[in-house]
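Structure first, then comments.
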Amino acid sequence: MISQEIVDLMNANSVFAVGTVNGKNEPFYTRSYYMHGNVGESKLFVHIPEIMAARPLQDLKENQHIAVNVADITNFFARQLKGMFLGSRPSTSEEIAEIKRLQNKFEGLLGNFFGPEFASNWSRIIIEPSICITLEVQEVFEQTPKSGTGGKII
Amino acid sequence: MIIPKEILPALNGAIPATLATASKDGIPNVGVMSQVFYANEKQLAISHQFFSKTSANLKENLRGHVQVIDPITAVPWFIEVELDHEETSGDLFEQMEMQLEAIASMCGMEDVFKLQAAYVFNVISIRKGDEVLRAPE
């Protein structure tokens, strides 16, 4: 179940990480550039640039388990959501517009943290076309770095 | 697999890394790592601070997938690893502890980031992901 806290976190200054596993039980990490879902629902929509999507999509054919980590880079507040793959489709033009808005927002933010050259290069990441993966969230875990991280919340 | 020297800037701890692991039942876990450290030409070490699920997964499935990012070019590196052993003392542990203290100081986490162990991984493959960036204009 997606809580208000998770929606707020996804709308904060957060970065998104996706974990999948292939049929040989080999894990794989992919970055997402936009995630969204509604409070009280269990469907989460995870957008991955098509150029990065081949391996996670293949993994999800072999193993439907998926994990996503949402972490606010300004305060380290983080949650991990785990669930099952439901399907994938191309991201819509509205969703790609949001991904571009977030990329522009992050260019400024990352410049403050890591310097303007890194931020400028970060904005060169190819985010379009994009694939939207839908998953059903089944569990939520504390991921903020502190004692007790990893504990199950939902 | 020999670790290319070109990756070294991405291992300086400036940009947090990410590690994916999997349980024996095939359930993934993905966590942000403070530190991926060059141990030797074939091994990388990752700081174990408090990532309980990652540690549990690595006890039953040694494989991991790491991403580190060059702090200037923003080019990601994708690294397949397999846990070799862990260290809780010695030169490597002390070097990592010192670097972790510097990282913690930079991000105001001195009271939180405490090194529990250095997880030493054999590198299976390394791929530079420069295809994900457009050419500079």
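None of the figures in this text is laboratory data; all of them are computed from the coordinates on show. Remember, it's a predicted structure, so these values are computed and weren't measured experimentally. Don't worry about glycine lacking a Cβ; one is built from the backbone with ideal geometry, like all the others, and counts go over all protein chains shown.
Here are the numbers for the structure shown:
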read-out: FRET E, pair A:Ser3, A:Lys24, Förster distance 45 Å, beta-carbon r, rounded to 0.05; value: 0.85
read-out: Surface/4 estimate of mean projected area, convex hull on alpha-carbon atoms of region A:17-96, nm²; value: 5.9
read-out: For residues of A:75-83, the mean tally of beta carbons on other chains within 10 Å; value: 2
read-out: Long-range HN-HN contacts of A:Glu139 with modeled amide H, under 5 Å; value: A:Lys82
read-out: Inter-chain Cβ neighbour average for residues A:115-123, partner chain, 10 Å; value: 4
read-out: For B:Leu19, A:Leu44, order by how many other beta-carbon atoms lie within 10 Å, fewest first; value: A:Leu44, B:Leu19
read-out: Percent of alpha-carbon pairs separated by more than 29 Å within chain A; value: 14
read-out: Highest-fluctuation residue, B:Gln95, B:Gln116, B:Gln35 considered, GNM on chain B with Cα pairs under 10 Å; value: B:Gln95
read-out: Unit charges on C-beta of K, R, D, E only; dipole of region A:7-154, Debye; value: 180
read-out: Span from the region A:47-73 Cα centroid across to the region B:89-134 one, whole angstrom; value: 24
read-out: Gained length - B:Asp84 relative to B:Met98, 0.36 nm times residue gap less alpha-carbon distance; value: 2.8 nm
read-out: Top of A:Asn38, A:Asn69, A:Asn121 by mean-square fluctuation, Gaussian network on chain A, Cα under 10 Å; value: A:Asn121
read-out: Counting all C-alpha pairs of region B:1-48, share separated by more than 19 Å (%); value: 35
read-out: Net +/- balance of residues flanking B:Ser47 in space, Cβ distance below 13 Å, scoring K and R +1, D and E -1; value: -4
read-out: Convex hull of the protein assembly as shown built on C-alpha atoms - directionally averaged projected area, nm²; value: 13.8
read-out: Gaussian network model of chain A, Cα within-10 Å springs - most flexible of A:Glu62, A:Glu26, A:Glu136; value: A:Glu26
read-out: Helix-only mean residue ellipticity at 222 nm for chain B, each DSSP H run of n ≥ 4 adding -39500 (n - 2.57), per residue, nearest 500; value: -5500 deg cm²/dmol
read-out: Reachable lysines, given that their alpha-carbon falls under 25 Å from the alpha-carbon of B:Lys114 and they are not under 8 places away in the same chain; value: A:Lys146, A:Lys152, B:Lys53, B:Lys59
read-out: A:Ala97-B:Ser125 pseudo-label distance in nm [points 7 Å out on the Cα-to-Cβ vector]; value: 3.9
read-out: Semi-axes of the equivalent ellipsoid for chain B, Cα gyration tensor, largest first, Å; value: 22, 19, 15
read-out: Shielding score for B:56-63, defined as the mean number of other chain Cβ atoms within 10 Å; value: 2
